[in-house]
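Chemist: Take a look at this one; I'll ask things after.
The values are calculated or read from the model by the stated rules, or taken from the named source; none is laboratory data. Quick caveat: nothing in here was measured; it's all calculated off a predicted structure. For accessibility, only protein heavy atoms count, side chains too; no ligands or nucleic acids. Shrake-Rupley method; radii C 1.70, N 1.55, O 1.52, S 1.80 Å.
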Amino acid sequence: VPTNLIATTVTETSITLSWDAATDDTQVTGYKVFQDGIEVATVANETTAIISNLESGTEYVFYITAFDAEANESAPSNSLSVATAINFKQSLQEMGFFSGNISFLQPAEGVILYDLNSRLFTDYAHKQRLLKLPEGKFLEYNNSNMLPKFPDNTMIAKTFYYFNDETNQNAGKKIIETRVLLKTNGEWKLGNYVWNQSQTEALLTEEGSITPITYIDSNGSTQNINYEIPSNENCFTCHNTNNIINPIGPKLRNLNFNPQNGTININQLQYFLDNNILKGISSPDEISVLPDWTDEDTYTIFERGRGYMEINCAHCHQPGGIVPPGFLLDFRLETPFETTGIYSHRGQIEDRIQSTVPSYRMPLLGRTIVHTEGVTMMLDYLQAIED
């Protein structure tokens, strides 16, 4: 029996298989490759095969048998389940996140709408977060409150938009961009789709740009923002830890709350457990909660300050982040306060979160204006740690 059947290379439309040679008293003259129980290839004197013309993002099951000159055939090798890769399409419509008119932002069947307990600020833009898992696959608890294990061919989409009038959300919205994270062959890739003026499509682009936005805020005042769409390089800056790309927001502790978004109206992790989206824990109680920096009733100013810095700053300010090591700052929630560097840099933090100078403001990317509510809370926090 041939053994150790593995996939060595996976593309969108092909899978390269490799195995250890069969041995017998007679001479093995070749191998048969079976795909989903059907023979699809025969190879002679080789222990590799390339199976082509496959469908993108589709799981296949393979096994191998050996045969000799007398047509004697071995039992099957180990069975191997492997999915072809997915990749970025030129248009967002082709990625399969939305059904019908994509400007309605209606998730397609099987696409999961989710939210975060504490959110990153991006010039007051609204965000819709979607998760698309391969059929039959699930998130898996990773022995921590951090990111779960995502299966290959997971896609995450975050769409940024403004309501034309916050006091009358029926007056329509302006959709700007949809950022997509795609995991294939164990690695995450970044792609960004910029929406056209007619809001009928969004196209993949690697270049950054500026989109002028005018909207009426919840107080009835007109706001003007030069919204900055990031380049692929900008996206890598924030999503990079030790030169490895990872999601930032969907840590289990940031999913552990009741989003009340019309789809999920119970604890989000409980919803995931009930619907086989997450496995490895039995209850949300096993996971901690990232403090919601806006929730004054539940959390202290110290918890809220650290919660804000975790989601807005820690992706860069941590070991392996893009910030040079000399800054000696680690804003991750799990880092003991004494070793974060927050206290010794409190004056600089205060200045930078209030600055709009591109080379000095913090965060450097993702905002062009001051986050008024966030800064007010952070100033209270920075004062509290001095008292």
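Chemist: Find how many whole Å separate the alpha carbon centroid of the range 205-235 from the alpha carbon centroid of the range 304-335.
Modeler: A separation of 25 Å, based on Cα centres.
Chemist: How would D351, D295 rank on accessible area, largest to smallest, probe 1.4 Å?
Modeler: In descending accessible area the options line up as D351, D295.
Chemist: At 1.4 Å probe size, with the rest of the protein present, what percent of the exposed accessible area of the range 98-245 is carbon and sulfur atoms?
Modeler: Here carbon and sulfur together make up 44 percent of the probe-accessible area.
Chemist: Let me ask another. From Cα pairs below 8 angstrom and at least 6 apart in sequence, can you work out the relative contact order of the range 135-175, rounded to a whole percent?
Modeler: Values: 34 pairs, mean separation 10.0, N = 41.
Across the range 135-175, relative contact order equals 24 percent.
Chemist: For the chain, what relative contact order do you get, as a whole percent, if you take Cα pairs closer than 8 Å and at least 6 residues apart?
Modeler: Computed over the chain, the figure is 11 percent.
Chemist: Gaussian network model of the chain, Cα springs within a sub-10 Å range: biggest mean-square fluctuation belongs to which of N232, N145, N275?
Modeler: N275
Chemist: For a 30 Å ceiling on Cα separation, which of these pairs sit above it: K137/K189; K149/K173; K127/K279?
Modeler: K149/K173
Chemist: Going by amide H atoms built from the backbone, whose H comes under 5 Å of the H on W188, apart from near neighbours?
Modeler: I245
Chemist: Accessible area per residue, 1.4 Å probe, Å², for the chain: what's the number? Show your work: numbers first, answer last.
Modeler: Values: 18920 Å² over 387 residues.
Result: 49 Å² of accessible area for each residue.
Chemist: Okay, moving on. Relative contact order, percent, of the range 107-220 when contacts are C-alpha pairs under 8 Å separated by at least 6 residues?
Modeler: On the way: 201 pairs, mean separation 21.7, N = 114.
Relative CO of the range 107-220 lands at 19 percent.
Chemist: Heavy atoms only, probe 1.4 Å: what % of the accessible area of the range 246-387 goes to carbon and sulfur, would you let me know?
Modeler: Details: 3500 of 6810 Å².
Carbon-and-sulfur percentage of accessible area, whole number: 51.
Chemist: Which pairs in the list K158/K251; K89/K174; K32/K183 are over 21 Å apart, alpha-carbon to alpha-carbon?
Modeler: K89/K174; K32/K183
Chemist: Leaving ligands, DNA and RNA out of it, rank T26, T65 by accessible area with a 1.4 Å probe, largest first.
Modeler: T26, T65
Chemist: Output wanted: per-residue J couplings in Hz (rounded whole) for the range 177-193, from phi through Karplus 6.51 cos²θ - 1.76 cosθ + 1.60, θ = phi - 60°, x for Gly and Pro.
Modeler: 8, 10, 8, 10, 10, 10, 9, 8, 6, x, 10, 8, 10, 10, x, 10, 10
Chemist: Using a Gaussian network model of the chain whose springs link C-alpha atoms within less than 10 Å, name the residue from K32, K183, K158 with the highest mean-square fluctuation.
Modeler: K32
Chemist: Which of these, F67, F163, F121, has the largest mean-square fluctuation under a Gaussian network model of the chain (Cα springs below 10 Å)?
Modeler: Result for the chain, Cα springs under 10 Å: F67 fluctuates most.
Chemist: Could you tell me which label, among (i) 42; (ii) 35; (iii) 50, carries the value of percent of Cα pairs over 30 Å apart calculated for this structure?
Modeler: (iii)
Chemist: What three numbers, in Å, describe the spread of the alpha carbons of the range 69-109 along their principal axes, ordered from the longest?
Modeler: Largest to smallest, the principal-axis extents are 63, 21, 14 Å.
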